[in-house]
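Each value in this text was obtained by applying a stated rule to the coordinates, not by laboratory testing. On a predicted model such as this, the values are computed, not experimentally measured, just so you know. When we count neighbours, we look across all protein chains shown, and the Cβ atoms used for this are built from the backbone with ideal geometry, even at glycine.
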Amino acid sequence: MAIPQRDQQIIQAHASFVCQVVALIQNRDGRAELASVLAQASDSGWAALAAQVRRFANGEREIREPALDDEDRVLANAILRGLQDPSTLPDPQRQADPALAAPGLAHMIHAAGHGDVQALTLVSQMAEQMSRVGGDMSRVASVIRPLINGERDPDRLCERMDTRGQQLVLQILSELGKLDLH
């Protein structure tokens, strides 16, 4: 089953978390560390995801947490797949490909701009990763906050970007235009 690009970006942005949780669930000696990781996740606004992961740690292999939002559900599915088949785990050393990120970023920017705290957290983490790439990706990361705040002027947003950065910003704006119509 192919995973949608948006979901792949979410999984890759949290690859370390997904891999760490799977490893800790599979290692009985890791229960105390798992509890600590899940407490931190809960404190960071991922209470529903933490509750679902606790169910996985207790042996359940179905997603039953009703409070999961879309991003939480993507991560819960990635963890469940990783528990069932470790070859499906994302590579925590690989950076998410920003060129494929426009639809996912647009959805998260849109949600964050409408008060979704989890989306704001996720898009902020993705922007941080993009900043680490440097160059144009760093400049794209710098326009995430203005996009969340409603800026839609492509000339202002694309200032000082090369073609690759401009393309990504224009793709994000296109996706946001579709979302803003709904």
Exposure proxy order (Cβ contacts within 10 Å, fewest to most) of Asp70, Asp29, Asp153: Asp29, Asp153, Asp70
Pair Ala47, Ala35: separation of 7 Å Cα→Cβ label points (nm): 2.0 nm
Highest-fluctuation residue, Arg152, Arg28, Arg61 considered, GNM on the chain with Cα pairs under 10 Å: Arg28
q = 0.08, 0.12, 0.17, 0.20 Å⁻¹, the chain: log10 I(q)/I(0) [Debye, one scatterer per Cα]: -0.27, -0.58, -1.05, -1.32
Debye intensity ratio I(q)/I(0), log10, region 5-88, q values 0.12, 0.22, 0.24 Å⁻¹ (C-alpha model): -0.29, -1.07, -1.29
Axial C-alpha extent at least 20 Å, average Kyte-Doolittle at least -0.5 - helices from the chain (DSSP): 70-84, 117-133, 163-181
Per-selection Rg to Rh, region 100-181 - Cα, Kirkwood hydrodynamic radius: 0.93
